[in-house]
Amino acid sequence: MRAVTAIIKKEMGVYFHSFIFYFFGFIFLFIVGDLIGLTLVNFVKGMPMGGAFSVQVLIEGMFSYFGILLLMFLPFYTMRLMAEERRQGTLELLFTSPVTGAQITLGKFLAAFLLLAGITGLPLLYPVVLSFFTRPDASFFARLDWPPVWAAYLGVLLLGGSYVAMGLFFSSLTHNQLIAAVLSIGGYLFFWLIGSAGQGSPLQPFFRYLSIGTHYEDFVRGVINTQDVIFYLSFIFLWLFLANRSIESQGWR
Amino acid sequence: MRREQAADWTGIVGGIVLLAGSLTYVFVREWTPTVVGMLAAGGLGIAVYFALSWQDLARGSGGRRLLEGANIVSYTLVVLLILGFANYLGYKHNARFDLTKEKLRTLADESVKVARLFQHPVTVTGFFTGKRNNQRDEFEDLLRRYAAVNPRITYTLVDPERDPVTAQKYNVNMDATVVLETAGKKNSLTETTEEAVTNAFLQLAGEEKTVCFMIGHGERTPTEFKDQGYSDLSHDLLEKNFKTRTFELLKEQKVPDECTVTVLAGPKGHLLEGELALLNAYLDMGKPMMVLFDPLSDSTAASLLVPYGITVRKQLVIEPMSALARLSEVAPLIGLDGYNREHDVTKDIDFNTVFPIAMPLWLASPAPAGVTLTWLLKTSPDSWAETDLTKGTAEYIAGVDPKGPLTLAAAVTKGNTRILAVGNSAFVANSYLKEIAPNEIFFVNGLRWLVGQENLISIPVKQRKSQPLTITDAQLSQIAVFFWLILPGAFVLAGLGMWWRRRGL
């Protein structure tokens, strides 16, 4: 555990000092803020006060965009995880220390995952802000229906964690960060689009199940389905397993 | 070094082409030759990159590499098997937790009971146009819940614009049409609320109803394929679990027992006393009947409705409003406020219906004792009933021609007896059925009301609690700035702070 914590600290330190982290974080928050801000202004300007407006619908819409946004941004966070070590030749050094491949894999995954949790958690301030302006008759935390918001955030973490695990694997295959990013985006798109394969054929439900986006839909709507949780945890485990195999095989050489 | 650079560039270009192909597919949603070509070329580039890069790793003992490779493959297969099995179990035995306060994403108990009725596979095909369709997404979410309750329920979504062949096979001519099939039975609907879908399932699970069309007096029949016939209607009714047949009252001396509902579709000739007596006896038994009259016939069938407070006269409805839809004024168009929103037959009709060559129905007020008489369709106040059908032109004469609104259809209830009367029989004939789809909706709604299927299940629509924003324009601007700039900006400032701190060190 101490080795993993040390790796997490080291990785997060690198991220906090990297331009790419702040650049893409800003773009992500700007786009999300833009989407929700525009929708809010259009809603309020276009509807009479007290009309059938629901802040909940606004929040749900915000989370529904996270799926495609994370697909675009996370590769730039995960691309350096292993590729940089390979390029600089520090991977061999890492293996000379009393650290196993599994600890390296887990440490790097958790570092990226924690950063993902932090950046995607920041937009949760938006429903908090909106709570000030709705249903003044109710107590502050009763103004919004928060459990569906938490369900959606859980979905974001599971979906994001899946992307991070896959990105880590692709990063371990190459010393070139750009290729790692491109492979990651390709992988994410593959698992996003596979749901529409086999339309009309008996295999269609199978392809739909494999689609990473299919399992995100219920979370956005405020529903937690154990089937979706199992899928995401399996997906994360599989790609971490493959990443670990890849990292360890390089440690042997 | 050169080979490494070549490998890198091949990988980068291949990756970009692969990405471009994927993004192209995202937008066009079709496996065009361009998309397939780009994906193939990109994949090839990536494969070449790996092939060139891994040649470096080909050094080292062959035996050990082989063992390592075999190790990885076998471990991976085992992991895939275990995860696959875990997911299979999770798929078969899953639990859903709807965290919304109003339980928006949970089926009502009635829907769950109905979904569980089916012991044979049920296929649901939803026809929705457009790539981004909120109604389709909501409907898919609803169907997934039914499928979760009963895995025998499966669904497919078809875009009629991209797959017109399937749409034609299912006779679909309206967007948001859903067809349900099971064990040779079919049902279709154009509403996608939970109540409508559950009722459609219930009707599908129920017994097939028989609609009997009386013949022998010049009526329209379900076996007639010409313009004036009802063959298309008959075909469509079958899809809604209504079988059709004809009967000759004089020959059979009664309405056949298998008839769930009887239709008199525009009789032209007179009915004999004996026939009228048989039909009256049928109605007295509490059996349902639909009677469709035409203005140019003076059949004695109209006398059936007199005891129930409905009379007809030889009049023709003239509706000037029809000209707005480029129709003749003798084809009255029913505007959205011409439907009785209190009655099950017409409460949900949101489209215009048209009744070519129609006559008004005159409802007694007050209605006869024990009779509930309700108008269903009304023409506009600008319409009138032309009483002189000999002159060949329509001209309103005050004091002679009754002024609108005129009743074109009415529903009668007396005890268990239900009658639906319409002053037109052409509205669902072959020549009009496909052109004016809402006409069929009205007819089918009428049938369902007559056989008591109008509101089998009532499921209150679940709605989110309204959360209106009490906000001034100034506050709205401040919030917008916070969302657009302050939060993202704070992130950038944190980065700048880190950079400055590092410089300082």
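The values are calculated or read from the model by the stated rules, or taken from the named source; none is laboratory data. Fair warning: this is a prediction, and the values are worked out from it, not measured in the lab. Heads up, the Cβs are rebuilt from the backbone with ideal geometry, glycines too, and the neighbour counts pull from every protein chain shown. Protein only, heavy atoms only, side chains kept; ligands, DNA and RNA dropped before computing areas. Shrake-Rupley method; radii C 1.70, N 1.55, O 1.52, S 1.80 Å.
Some points to look at:
- Over 19 Å apart at the Cα level, from the set B:K240/B:K434; B:K226/B:K254; B:K185/B:K209; B:K314/B:K391; B:K185/B:K240; B:K169/B:K434, are B:K226/B:K254.
- Theoretical ellipticity at 222 nm over chain B - DSSP helices of four or more residues, -39500 (n - 2.57) apiece, nearest 500: -12000 deg cm²/dmol
- Long-range amide H partners of B:T353 with built H, under 5 Å: B:I334
- On full extension, the segment bounded by B:T123 and B:E207 gains 28.4 nm, given 0.36 nm per residue less the C-alpha separation.
- Table column - 3J(HN,Hα) (Hz), segment A:110-118, Karplus curve with 6.51, -1.76, 1.60, x for Gly and Pro: 5, 4, 5, 5, 5, 5, 4, 4, x
- For the protein assembly as shown, size of Cβ-based charge dipole, Lys and Arg +1, Asp and Glu -1, in debye: 3360
- Computed from point charges on the beta carbon alone (+1 for Lys and Arg, -1 for Asp and Glu), the dipole magnitude for chain B about its Cα centre is near 2600 Debye.
- Annotation for segment B:201-244: trypsin sites (Lys or Arg not before Pro) lying in DSSP loop with at most 10 further Cβ atoms inside 10 Å of their Cβ are B:K226.
- Carbon plus sulfur fraction of accessible area for segment A:110-253, probe 1.4 Å, in percent: 76
- Partner lysines whose Cα lies under 25 Å from the Cα of B:K92, excluding those fewer than 8 positions away in the same chain, are identified as B:K103, B:K113.
- Positive minus negative residues near B:E275 (Lys, Arg vs Asp, Glu; Cβ under 13 Å): -2
- Probe 1.4 Å, accessible area per residue of chain B, Å²: 50
- Overall, the accessible surface of chain B at a probe of 1.4 angstrom is composed of carbon and sulfur to the extent of 59 percent.
- Interface area, A with B, accessible, probe 1.4 Å, both sides summed, Å² nearest 100: 7000
- GluC sites (Glu not before Pro) within segment B:166-265: DSSP coil, no more than 10 neighbouring Cβ in 10 Å: B:E207
- Global form of segment A:104-253, assessed from the alpha-carbon gyration tensor, a/c cut-off 1.5: oblate
- Pairwise centroid distance, computed over Cα atoms, of segment A:175-234 with segment B:355-410, Å: 61
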